[in-house]
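K.L.:
Quick one: the structure is below, questions incoming.
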Amino acid sequence: AAPLPRALSPGFSLKCIKDKRVPVGVTVVVAALLLTIIALAAKRCPSCPSCPSPVLPSCLENGIGYREKCFYFVEDEADWNRSQTSCLSLGAHLATVDSWQELRFLLRYGSSLRYWVGLRREGSGPWKRFNGSLVSS
C-alpha cells in the first residue's frame with residue numbers, strides 16, 4: 001500500500017505546523033531587527049579617521065613643559081605692561097595658573113625670583129586673567 005500523504009496521516013495536525021512556524025518567524029524578525037540596529041549604530045558612530053592625535057606643545061629651547069603648557073622664565077627686568085608686551089611679541093602671554101598642581105610646579109622653578117603672572121586688578125576689584133576672565137577664589 002502506498003503511504004498516505006502527510007496531511008492525511010493520523011499524527012498530523014495543523015497545530016504542529018503552526019508551532020514550528022512561530023519560533024522560526026520570531027527568530028527571523030529578531031535577526032532582522034538586530035541587523036537593522038547594528039547598521040544604524042554603525043552609521044551614527046563612524047570611525048574617526050579625521051580626528052587628530054593629541055599633540056603636546058613643543059617647547060622652544062629654554063621652555064619648560066608642564067601638561068599642555070610651556071613656561072619660559074625670562075630674567076629681564078620690566079614692569080607688568082612691558083612684560084606682557086614682550087610675551088605677546090613672541091606669540092605668548094604672561095603665565096596663568098589654573099590649578100594648585102600647576103602652582104607647585106611653577107614654584108619649583110621660580111621660587112627664588114620674582115616673576116609677573118597674567119593676573120591684574122584695578123583698585124580693589126576682582127583679579128582678572130590676561131584675557132579678561134575672572135579668577136575664582
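The numbers here are math on the coordinates, done by the rules we state, and not lab data. Keep in mind it's a predicted model, so treat the numbers as computed, not measured. Don't worry about glycine lacking a Cβ; one is built from the backbone with ideal geometry, like all the others, and counts go over all protein chains shown.
K.L.:
Expected output is a single nm value to one decimal: the length gained when fully extending between Leu33 and Glu122, i.e. 0.36 nm times separation in residues minus the C-alpha distance. What is it?
P.N.:
That pair, Leu33 and Glu122, stretches by 25.5 nm at full extension.
K.L.:
So for each of 68-80, 26-38 I average, over its residues, the number of other beta carbons within 10 Å; can you give me the resulting order with the highest mean first?
P.N.:
Most protected by this proxy first, the peptides run 68-80, 26-38.
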